[in-house]
Amino acid sequence: MTMFTKVSSNSQWLSKVREKFDIIVAADLNLGIGKNNALPWRISKDLKYFKDLTSATPVPEVLNAVIMGRKTWESIPAAHRPLKGRINIVLTSNPNYPMPEGHFISSSLDQALDMLIPAPVDRVFIIGGAQVYNEAMQHPSCGLLYLTQVRHVFDCDTFLPPFKQVFQLLSCSEVETEDNLEFCFKVYEFNFPEYLMA
C-alpha cells in the first residue's frame, strides 16, 4: 500500500517527480549558515523567497517535498512545523522518530528520494543542515543551488561546504537591503559531472 494519495485520474498532470533535486540555502560571505542550530540573521524577504520557491507547483494536485536533517527540523518553530503545503521528510537514524501524519522519516537521502518516486510530487528541495547539504552537493541527482548570499560575516558555527568549483553561476539578483543587511539571490547549476567520477 502506497503512503501517498494518488492524483485524480481526471488531472492532465502526470505525477512524476523531477529527475533532479534542488538545494536552497542562505549563507554569509564565509559560507556560514547557522549558529547554535539557528539562523544568525532574519531577513523577511528571504523567508518569503524560500516559502514561495519551495511551495510553488504547476497544478494544485501535486506538492513539492522538502528533505532535511533532524536538527534542521527541530530548529523550525513548532508553530511552523511541518512546513505547510509541502511534504516534509526528515533524515534520521531513529526509526521511531515521531512525525505528523502525511510527513515522513528516512534513514538516508537516497531512500528519501526513492520514497518520492511514486508520489504526487513535482520538485524536491534539500533545506539543510550542513551534513545533508554536503551529501547533496556530491549527489548525481543534484540540480540547482538557490543561494541567498548575505553580504556580511556573522559568528557562525555551521558552514556550507565550498561549492564554486563544481557549480556554475546562472543568475544573480540585484542587491537588496533589509534592516541594514545587504543580500542577493543567486542560482547555480551543478556543472561538473566528471567530479563525481574522481
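Read-outs throughout are calculated quantities, based only on the coordinates presented, and are distinct from any laboratory measurement. Only a predicted model underlies this, so the values are computations on that prediction, with no experimental measurement involved. Cβ sites come from the backbone with ideal geometry, for glycine too, and all protein chains shown count toward neighbours.
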Open item on the list: If I fit a long axis through the Cα atoms of helix 44-55 and take the longest principal axis of the Cα atoms of the chain, what angle between them do I get, 0 to 90°, rounded to 10?
Closed with: 30 degrees
Open item on the list: Quick check on the chain: helices-only [θ] at 222 nm, where DSSP H runs of length 4 and up contribute -39,500 (n - 2.57) each and the sum goes over total residues. Nearest 500, please.
Closed with: -4500 deg cm²/dmol
Open item on the list: Based only on other Cβ atoms within 10 Å, what is the fewest-to-most ordering of C156, C142?
Closed with: C156, C142
Task: Distance between modelled label sites at K51 and R18, nm, 7 Å Cα→Cβ extension - done: 2.2 nm
Task: Cβ-derived FRET efficiency at R0 30 Å, H80 paired with N134, nearest 0.05 - done: 0.75
TODO: Tell me which label goes with the value of Rg and Dmax of the Cα atoms in Å computed from the coordinates here: [x] 17.5, 58; [y] 16.9, 52; [z] 23.4, 96.
DONE: [y]
Task: Cβ-based exposure ranking for F159, F21, in which fewest neighbours within 10 Å come first - done: F159, F21
Open item on the list: At a threshold of 8 angstrom on Cα-Cα distance, excluding pairs fewer than six apart, so keeping six or more, what relative contact order does the chain reach in percent?
Closed with: 31 percent
- [ ] Starting with the fewest neighbours, write out I33, I76, I67 ranked by other beta-carbon atoms found within 10 Å of each beta-carbon.
- [x] I76, I33, I67
